[in-house]
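Student: Sharing a structure with you now.
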Amino acid sequence: MGQNALIVVDFQNDFCSQGTLAVPNAETIIPSIQALLNYFSLQDQPIVLTKDFHPENHVSFQAQGGPWPPHCVQGTVGCQIHPSLTIPEGAAYFYKGFDPAVDAYSGFEGFLAESGHISSIGLATWLHRLDVETVYISGLATDYCVRATALDAVTEGFHTIAVTNAIKGVNVRPDDSAKALEDMRQKGVTLQPWTL
Ligand code: VGL
Ligand code: ZN
């Protein structure tokens, strides 16, 4: 039987309350994400953290005509994983959005970061090599990177669970997260809370 993997999407300082692109109430999901991290670690199941990893002149930033304020710029505190999470040893990091000219919402556009350099190993390849069948998706933001990651997970053939109490949306329009959840559900993502 295949393994389960946990994917924590973009739980970085710039998406939390002091950040440049803050997701309202992002910190409220910390207990659920930590419970997931602890559980997957205890079960020796793969843990993935994705990071938005932009250069200063990234195409998604308003100065370049993009929709967003600068965020998750490489080498800044805003790019770091939020310090309230305790990340188990052995967790794998996948970086995305580092090409100045291309935005990347989905973790499946990310590449494994190994001892400070970005490899050519993509997330789907890495998960398939580990015989992962089911992915549990948590993190930020429901209406952008979580949604894109979950839909790509389905396309890549994974049984995909979006953990409803471990994700939070930006809601540029108030119902964006609700629409994203419905879209995910229609496309084969299971919506399920994690019981603390
Ligand atoms: C994200 C907007 C821009 C996300 C990343 O992680 O959802 N949203 N870059
Ligand atoms: Zn971004």
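The values are calculated or read from the model by the stated rules, or taken from the named source; none is laboratory data. Keep in mind that what you see is a predicted model, and the values were worked out from it rather than measured. We place every Cβ from the backbone using ideal geometry, glycine too, and count neighbours over all the protein chains shown. Side chains are part of the model used for accessible areas, which takes the heavy atoms of the whole protein and leaves out ligands, DNA and RNA. Shrake-Rupley method; radii C 1.70, N 1.55, O 1.52, S 1.80 Å.
Student: Kindly provide log₁₀ I(q)/I(0) values, in the same order as q = 0.20, 0.24 Å⁻¹, from the Debye equation applied to equal alpha-carbon scatterers of the range 1-62.
Tutor: At q = 0.20, 0.24 Å⁻¹ the computed log10 ratios are -0.86, -1.03.
Student: Then there's this: Given H placed 1.01 Å from N in the peptide plane, which residues other than close sequence neighbours of Ala104 have an amide H under 5 Å from its amide H?
Tutor: It is Gly97, by chain and number.
Student: Another question about this same structure. In whole Hz, what ³J(HN,Hα) sequence does the range 77-92 give by Karplus (6.51, -1.76, 1.60; θ = phi - 60°), x for Gly and Pro?
Tutor: Listing the rounded values in order: 4, x, 7, 6, 4, 4, x, 6, 7, 9, 8, x, 4, x, 4, 9 Hz.
Student: What dipole magnitude, in Debye to the nearest 20, does the chain give about its Cα centre under +1 on Lys/Arg Cβ and -1 on Asp/Glu Cβ?
Tutor: Values: 9 positive and 20 negative charges, 51 e Å.
I would put it at about 240 debye.
Student: Which GluC sites (Glu not before Pro) does the range 88-172 hold that lie in a coil by DSSP with at most 15 other beta carbons within 10 Å?
Tutor: Numbers: sites: Glu89, Glu109, Glu114, Glu133, Glu156; in loops: Glu89, Glu156.
Answer in residue order: Glu89.
Student: How much space per residue, in cubic angstrom, does the convex hull of the C-alpha atoms of the range 37-115 take up?
Tutor: Details: hull volume 8.2 nm³, N = 79.
Spelled out: Cα convex hull of the range 37-115, divided by residues, is 104 Å³.
Student: Solvent-accessible area of Ser17, probe 1.4 Å, all protein chains present, reported in Å² to the nearest ten, please.
Tutor: Approximately 70 Å² of Ser17 is accessible to the 1.4 Å probe.
Student: Also: Over the range 19-164, what portion of Cα pair distances is larger than 26 Å, expressed as a whole percent? Show your work: numbers first, answer last.
Tutor: Numbers: 2277 of 10585 pairs.
Here the long-distance tail beyond 26 Å is 22 percent of all Cα pairs in the range 19-164.
Student: What residues have an amide H closer than 5 Å to that of Lys168, excluding those fewer than 5 places away on the same chain, when H is modeled at 1.01 Å from N in the peptide plane?
Tutor: Long-range HN contacts for Lys168: Gly139, Thr142.
Student: Could I ask something else about it? Could you please state, rounded to a whole Å, how far the C-alpha centre of the range 7-60 is from the C-alpha centre of the range 153-196?
Tutor: Taking the Cα centre of each part, the range 7-60 and the range 153-196 sit 15 Å apart.
Student: Based on DSSP H assignment, which helices of the chain show an axial Cα extent of at least 30 Å together with a mean Kyte-Doolittle hydropathy greater than or equal to 1.0? Kindly include the intermediate steps, with their values, before the conclusion.
Tutor: Details: long enough: none.
The qualifying helices: there are none.
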